[in-house]
Each structure stands twice: as C-alpha cells, then as structure tokens.
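Undergrad: I'd like to ask you about the structure that follows.
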Amino acid sequence: PEETVTSSFASFIHAVRPEHLSKTVRHRSKRMILDSIGVGLVGSTTHVFDIALQYCRLYSSVAVSSVYGKPGVKLSPTLAAFTNGVATHSMDFDDTWHPATHPSGAVLPALLAASQMLPPSTKPNGMDFLLAFNVGLEVQGRLMHFSTEAHNIPKRFHPPSVVGTLGSAAATAKLLSLSTAQCAHALGIAASLAGAPMANAATQAKPLHIGNATRLGFEAALLAARGMEANPLILDDIPGCSGFNAFYSVYQPKPLSTPSDHHDFLLEKQDIAFKRFPAHLGMHWVVDAALSVRNLFINYAGSFSPSLIRTIVLKIPVSKYINRPFPSSEHQARHSFQFNACTALLDGEVGLSSFTESSIHRQELRELLDKVVVEHPEDNVANFDKMYGEVALLLHSGDVLTGKCDTFYGHWRKPLSKESLLKKFRSNASHVLQEEKIETIITMVDNLENLSDSSQL
C-alpha cells in the first residue's frame, strides 16, 4: 500500500528501537523525567489535585497504579494517569518545548500507570520505558512542526491538549507493543479525544488539559489494542475532510521516516525549557528582566524603594491571556506579566510562596501594579524562541533604569545546570517525600537504562 503521513508515523512508533536513542537524547529525556516527577510531587499538594483525586476515587475499580504524593492510594491505570497529569500542571511548573507545548506531563503519567498495569511477565524494562517516553516526545514535536501557527504563543486551544493526547497515545502504544496498524488507529482515536480552549487558561480547569491528554491518549492506545479502528489518514492533509488539520489553519504534514541504523530525534536538536518557578513560561523573561533592573535600582538608591518609582514600563509581546493587570487568584497570577514582574521587583525572587493568597493581595504589591504600563514593541513577537522581556523604571527624579532579558536561565538556549535541576527536584519532592526516597528516585532515573522493571519507578 502507498505510504501516507499517518502510516509513516505508525511505522516509526512500531519500528523504533532503544539503540536509536543517542547519548544526548537519553540524557535530556532523563532530566525531563526527573523534573516532571518532582513537579508532579509538589503538585500533589494543591487544591485542584485534591479535587481531581476525589473525583477519580469514585470510579476506581481496578486500583493498581500509584498516585503522586499519596503512598497509600492507588487508582485504575487511566485515572491514575489523569490525576498525575493534573498534578504535573497544577502549578504550571512543568517543562515547555518549542513550538509551544508541555511535552512530559502529557506522556510520563500514562507510562508510569501502564507500567504498573502490565502483568509481571511483560513488565517493560527501563530502556523500553525511556524509548516509549521519547516516542511520545517525538510525535508531539513533529506534529507541532507541521504548522507555522504552532510556533507562536497559542490563542485558540492549549497545545498539549491536542499534540499531548496523540503523544500519549503513541508512547503508550509503543510501551504496549502494538502492531503498526494498531499504532495508526491509536493516533486516529486520540485525535477524536483531543482539544481544550484557551479561555480556561489561568483557571483550575487548565491542569485538566494535561490530565486529559495523558489519560485519553492512554485510553486511545487501549482501545486500539482491543480492535477499535479510526481513520487511517488522520494525520494527512485531505482536502474537504479534516483530520488533525482541523486544529491548524495552516497544515503541511510530512512523513516520518522509519528508522534503520539511525534516527535524528528532535530532542537531539533542541533541548527543553525547565522552569525555575511555577508560572507560565512567558513570565520567566519578565522576571529575569525585573531582577536585573532591581539590582540597578539598589545600586542607584541603596535599597529598593518603591516610593522613588513613578512608572513601571513592561515591554512584552501581545498575548491576551497572560496580560493580566490585577490578578485575583493564584492561577491568574501565574499567567500575569504584571504580577510576576512586580513580585520580582518587590521580593527579589519569585517562588512557590509568591502565589499564596496573602502574597497576591499585599497592599505594597498592589501599589506597584498600579504603576505598570504595558507596551508591545513590534519586534517583540509572541514566540518562545524569539520574544524578550524588558522592564523599565521611570523614577520621579527623571532617571530611567532598564533591565532586559532575551534568554532566561532554564530556556533551551540556556539550560539549567545539573546542580540547578537537582536542587529544583529535591525542593519539590521534599514536600511529600523523605530524603532517602528522594535520593532513590534520582539514582533510579539516572540509571534508567539499567532498570529491569520500570514499574519500580
């Protein structure tokens, strides 16, 4: 039969082997797995996670899969994936790629739950797990590159709710050793389960996007394994019949070559952005710019004195859902250029405690927010690979101090060091785990290729 884009993806998922993972890809993906586990663990302390867990416990009949931060609780595999996906994105603390999506949270929870679901005789080893994880990343990245629209900060739908669902389906299909035809059907089924509007950003519903992506992709693979079929051309651009191109106005898909001796994974070419604090990725530019100008201000005045500031000018890209002058909830605050810039100016840092109710509603923070003016320079595009953040302080004296950030620390162009990544993981995991277990996880992920049973993770 003639090869199609969809069949090429299915053939790739079925045929790719552990030896196709380069040392760089294994190293980068293990960093992602460790970070995502830590983010999920600290996310298990949030209110939105508690809501999701209470919901899932109503329907958990085959409780075999573990839940982040709850050692005595197990759920059915797909609901465990959902709950852990919600935890991963509950603080908007999870990794981000370009084109814009959150790749790990949509894949890892499904693989963790599926590993525990499988009988002892068919447990995947660590290398199988690592390969499936990278298959899920690769499918997401390839799909995002099919549309120029996907390169910019989204306006209509949240990308992981779309590409993440297919990435989860691909990863789970690989872990379950589905046939080529079943892999194609898993992608097709997942496409019918995908999508979430951007209007729910900055609300408690946004973490559901990741929870649903990992759960529904998992379910798509399980349905395909049991014989359910879908359109075999779901990823192709068929005039008059929308498949995956229903999500993008400009869509130009290309086949994914079946690996022989070598495969160039996208993760080899471009690293991942890891967040230093729990907020939308765009916030990291303005925070670093604000910290820079804060240091200038302290050198200028001897201390940070808000009374000397007449106006705070933020030069940011146009993106309506993260332009929030006066956020009133933690989820709005995580999606507010103004809040994060002013918090960095006032406190000299942004961290977990910055998004508590008491921090958000401080009078001194409100007084700084009242001074903010937003500008949108034409050269500052809403694109995580091209944007910048600039914070200028216009003082009553007439002096102007400016801080600018083109690439924040943690961006794929400026990756976190091993020490910084481990510090973040240990800090996140310490909210629910003892030190001994934290170090066990670090060692296990670092030696994932040698793990005989990935369900131990």
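The values are calculated or read from the model by the stated rules, or taken from the named source; none is laboratory data. Worth saying up front: this structure is predicted, and the values here are computed from it rather than measured. Virtual Cβ from ideal backbone geometry, glycine too; neighbours counted across all protein chains shown. All accessible areas refer to the heavy atoms of the entire protein, side chains included, with ligands and DNA or RNA removed. Shrake-Rupley method; radii C 1.70, N 1.55, O 1.52, S 1.80 Å.
Undergrad: Whole Å is fine, so just give me how far the alpha carbon centre of the range 323-348 lies from that of the range 242-289.
TA: 26 Å
Undergrad: To the nearest 500 deg cm²/dmol, what mean residue ellipticity at 222 nm is calculated for the chain from DSSP H runs of n ≥ 4 alone, each contributing -39,500 (n - 2.57), summed and divided by the residues?
TA: -14000 deg cm²/dmol
Undergrad: Something else: Would you kindly find the accessible area of V42, with a 1.4 Å probe and non-protein molecules such as ligands, DNA and RNA excluded, rounding to the nearest 10 Å²?
TA: Rounded to the nearest 10, the figure is 0 Å².
Undergrad: Size of the dipole of the range 281-405 about the Cα centre, Lys and Arg at +1 and Asp and Glu at -1 on the beta carbon, nothing else charged, in debye to 20?
TA: The dipole of the range 281-405 has a size of about 120 debye.
Undergrad: Once you've got the Cα coordinates, tell me which of K174/K206; K174/K423; K23/K423; K315/K424 are over 25 Å apart.
TA: Among K174/K206; K174/K423; K23/K423; K315/K424, the Cα-Cα distance tops 25 Å for K174/K206; K174/K423; K315/K424.
Undergrad: Which percent, nearest 5, of DSSP beta bridges in the range 281-405 are antiparallel?
TA: Counting DSSP beta bridges with both partners in the range 281-405, the antiparallel share is about 75 percent.
Undergrad: So, one more: Suppose every Lys and Arg Cβ carries +1 and every Asp and Glu Cβ carries -1, with no other charges. What dipole size does the range 100-175 come out with about its Cα centre, to the nearest 20 debye?
TA: 100 debye
Undergrad: Can you list residues whose amide H is under 5 Å from V73's amide H, if they're 5+ apart or on another chain and H is modeled 1.01 Å from N?
TA: HN-HN under 5 Å from V73: V67.
Undergrad: Read phi for every residue in the range 393-401 and hand back ³J(HN,Hα) as whole Hz from Karplus 6.51 cos²θ - 1.76 cosθ + 1.60, θ = phi - 60°, with x for Gly and Pro.
TA: 9, 8, 8, 4, 6, x, 6, 10, 10
Undergrad: On the full set of protein chains, 1.4 Å probe, figure out the accessible area of D379 and give it in Å² to the nearest 10.
TA: Estimated to the nearest 10 Å², D379 gives 100 Å².
Undergrad: Another question about this same structure. Looking at the chain, send over the antiparallel percent of its DSSP beta bridges, to the nearest 5.
TA: Roughly 80 percent of the DSSP beta bridges within the chain come out antiparallel.
Undergrad: Something else about it: Could you give the accessible area per residue of the chain, probe 1.4 Å, as a whole number in Å²?
TA: 39 Å²
Undergrad: Looking at Y59, Q363, L308, which one has the Cα that reaches farthest to the positive end of the dipole of the chain (charges on Cβ: Lys, Arg +1; Asp, Glu -1)?
TA: Toward the positive end, the furthest listed residue is Q363.
Undergrad: Right, next: At 1.4 Å probe size, what's the solvent-accessible area of I13? Round to the nearest 10 Å².
TA: Only protein atoms counted, so the area is about 0 Å².
Undergrad: Now for a different question. Hey, what D do you get for the chain in µm²/s if you plug the Kirkwood alpha-carbon radius into Stokes-Einstein at 10 °C and 1.306 mPa s?
TA: Translational D for this selection: 71 µm²/s.
Undergrad: So, R0 is 22 Å and r is the distance between the beta-carbons of V64 and E19; what FRET efficiency does that work out to, to 0.05?
TA: Once the sixth-power term is evaluated, E becomes 0.10.
Undergrad: Of all accessible surface on the chain at a 1.4 Å probe, what whole percent is carbon and sulfur?
TA: 50 percent
Undergrad: What's the ranking of 217-226, 332-341, 309-318 by average number of surrounding C-beta atoms within 10 Å, highest first?
TA: Most protected by this proxy first, the peptides run 332-341, 217-226, 309-318.
Undergrad: Convert 4 °C to kelvin, take the viscosity as 1.567 mPa s, use the Kirkwood radius over C-alpha pairs of the range 7-88 as Rh, and evaluate the Stokes-Einstein diffusion coefficient in µm²/s, rounded to a whole number.
TA: Value of D from the Cα-based Kirkwood radius: 89 µm²/s.
Undergrad: Right, something else. Tell me the net charge near T83. Cut-off is 11 Å between Cβ atoms, T83 excluded, with +1 for each Lys or Arg and -1 for each Asp or Glu.
TA: Once all neighbours under 11 Å are counted, the net charge is +3.
Undergrad: Please list, in order along the range 445-455, the HN-Hα scalar couplings obtained from phi with the Karplus expression 6.51 cos²θ - 1.76 cosθ + 1.60 (θ = phi - 60°), rounded to whole Hz, x for Gly and Pro.
TA: Once θ is set to phi - 60°, the couplings for the range 445-455 become 5, 4, 10, 4, 4, 9, 6, 7, 9, 5, 5 Hz.
Undergrad: Ranking request for peptides 422-432, 158-168: highest mean number of other beta-carbon atoms within 10 Å first, then the rest in descending order.
TA: Highest mean packing first, the order is 158-168, 422-432.
Undergrad: Tell me, what is the percent relative contact order of the range 283-411, built from C-alpha pairs under 8 Å that lie six or more residues apart?
TA: Relative contact order here is 41 percent.
Undergrad: Sticking with this one: Considering only C-alpha atoms, what is the centroid distance from the range 353-413 to the range 63-131, in Å?
TA: Between the Cα centre of the range 353-413 and that of the range 63-131, the gap is 34 Å.
Undergrad: Oh, and also: Among residues other than Q252 whose Cβ falls under 13 Å from its Cβ, what is the net charge (Lys/Arg +1, Asp/Glu -1)?
TA: Neighbourhood net charge equals -1.
Undergrad: What does the charge add up to near I153, with Lys and Arg as +1, Asp and Glu as -1, over the other residues with Cβ less than 12 Å from its Cβ?
TA: With Lys, Arg at +1 and Asp, Glu at -1, the net is +2.
Undergrad: Can you pull the percent of Cα pairs in the range 281-405 with separation above 22 Å?
TA: More than 22 Å apart: 28 percent of the Cα pairs in the range 281-405.
Undergrad: Right, next: With θ set to phi - 60° and the Karplus curve 6.51 cos²θ - 1.76 cosθ + 1.60, what are the ³J(HN,Hα) couplings of the range 250-266 in order, to the nearest whole Hz, using x for Gly and Pro?
TA: Going residue by residue, I get 10, 9, 10, x, 10, x, 9, 5, 6, x, 10, 8, 8, 9, 8, 6, 4 Hz, with x marking Gly and Pro.
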